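Let me begin by presenting the structure, written as structure tokens, before commenting on it.
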Amino acid sequence: MGQKVNPIGYRTGVVLGWKSRWYASKHDFADLLYEDQRIRNYIRNYTPRRPEQRPDRRDPQPFRNAGISRIEIERTRDEVKVILYVARPGLIIGQRGRDVEAVQDELQNLIGRRINLKIEEISRPELHAQVVADDVASQLSRRASFRRTMKRAMEQTMEAGAKGIKIQLAGRLGGAEMARREKQISGSIPLSTLMADIDWGFAEAKTAQGHIGVQVWINRGTFGGDNSDGAHAEAGKASKGPKRTYKR
């Protein structure tokens, strides 16, 4: 079961919160859900339209290189609040917040609602699976060795304090004629343990031979803390020896 179930969906609603937090009737639910997906795809594939940042420049898609870990959406009656958790917020904010305002205006034109865009910086991007997957995919797109790229990403994640990491690549690796899968594992990845804080990320590397899929699983410990259950068990444990009785 752990090989077939998405770790995020498996834990959502049990120990993880929802990425979209709003309520709608049955009539509007499908439209709003599709609208959330359009917002996420637009932000991840956003390309600035200013003349000084043309597609032929070195960094045509700064949002993709900003290290977006996740996108959360909250809805009220008046506006849609979009929260971005990124590793390098400067690439998204731009000079004097110019890029954020441009994205807000374009998103408002896209869905026809008022958008409130908020940027949150993540402290350790090496422990976020989506950031690691995007980084591996970008290196593969620049024709880097896939084995060396996987090994370097795993070492950085384990040095940052992760309990375990698994990286799996699928496609025409190294320009081979036949597609195959290769994976590397370091540490422990208990996918079927609900209390294990497993983060999952997916990205695609566009190469000359075709697309290469990148999946990353990162074990960040447990949700309740590593030593919380042990402390409670130690405090409530009864003494092994019998009580001594005293005679008068």
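From the list M150, M154, which residue is among the hydrophobic types (A, V, I, L, M, F, W, C), closer than 30 Å to G210 by Cβ and in contact with a Ser or Thr (Cβ under 6 Å, 6 or more places away or on another chain)? Explain how you work it out, then say what you get.
On the way: M150 fails: in contact with a Ser or Thr (Cβ under 6 Å, 6 or more places away or on another chain).
Result of the check over M150, M154: M154.
Any idea which residue in segment 114-147 is nearest to the chain's Cα centre (by Cα), counting only those that are within 14 Å of Q215 (Cβ to Cβ) and of a type in the set (D, E)?
So the residue we want is D134.
Test I189 against the criterion of being part of a loop (DSSP other than H, G, I, E, B), outside the structural domain of Y85 (by TED's automatic domain parsing) and on the phi < 0 side of the Ramachandran plot, and give yes or no. Walk me through it before giving the result.
Values: part of a loop (DSSP other than H, G, I, E, B): yes; outside the structural domain of Y85 (by TED's automatic domain parsing): yes; on the phi < 0 side of the Ramachandran plot: yes.
It is true that I189 is part of a loop (DSSP other than H, G, I, E, B), outside the structural domain of Y85 (by TED's automatic domain parsing) and on the phi < 0 side of the Ramachandran plot.
The values are calculated or read from the model by the stated rules, or taken from the named source; none is laboratory data. Keep in mind it's a predicted model, so treat the numbers as computed, not measured. Note: ideal-geometry Cβ built from the backbone for every residue, glycine included; neighbour counts use all protein chains shown.
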